[in-house]
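Below: one structure, written as structure tokens.
The values are calculated or read from the model by the stated rules, or taken from the named source; none is laboratory data. Remember, it's a predicted structure, so these values are computed and weren't measured experimentally. Cβ atoms come from the backbone with ideal geometry, glycine included; neighbour counts cover every protein chain shown.
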Amino acid sequence: MQTMVNLDDPLAPAIGVAIQIPRDAEYGGKVYEGSGWQAADALRQAFDRFSQGVSIVDCPDDQCDRGGGYFVALTILHWEDRATGWSGRRDRVTLRVTVYDTRLNHRLTSSILQSQGSNGAASGHVQTLLTSLAEKYVSSLY
């Protein structure tokens, strides 16, 4: 459950970032359509605050053109999006985020990011959890 990263050298804002769209999440036999895009877009918005060129790419791991900058491989490990708070069950999201420097063909960091909403009717929506996780994580890279 990591949201902060200590790199030897922070990422360079002048270098572009490509974020891979992960497969949509599944939980309890249900596929959360569009969840991969939501996760990638939350990271894109966070990287946009620091980098001058951020894009989202849709390709399988072994066929991705990783370009000449930073490449972010994203995997949804867990996703529970509760429609209401009456059940007392929390929204939860867990992501694996791996950042590569494609210019050096080197993995810079790999982290597991996890968050859950609060109990009750005021439960945090998964999109809110994604935004918060992405902002904390990406700010620790720069």
- Of the residues that make up the range 1-18, is at least one charged (D, E, K, R), under 19 Å from Tyr100 (Cβ atoms) and either part of a strand (DSSP E or B) or at pLDDT 95 or above (or both)? no
- Note on the structure: Over the range 19-43, the set of residues within 14 Å of the chain's Cα centre (by Cα) and either within 19 Å of Leu108 (Cα to Cα) or not in a helix (DSSP H, G or I) (or both) is Ile19, Gln20, Ile21, Pro22, Arg23, Asp24, Ala25, Gly34, Ala40, Leu43
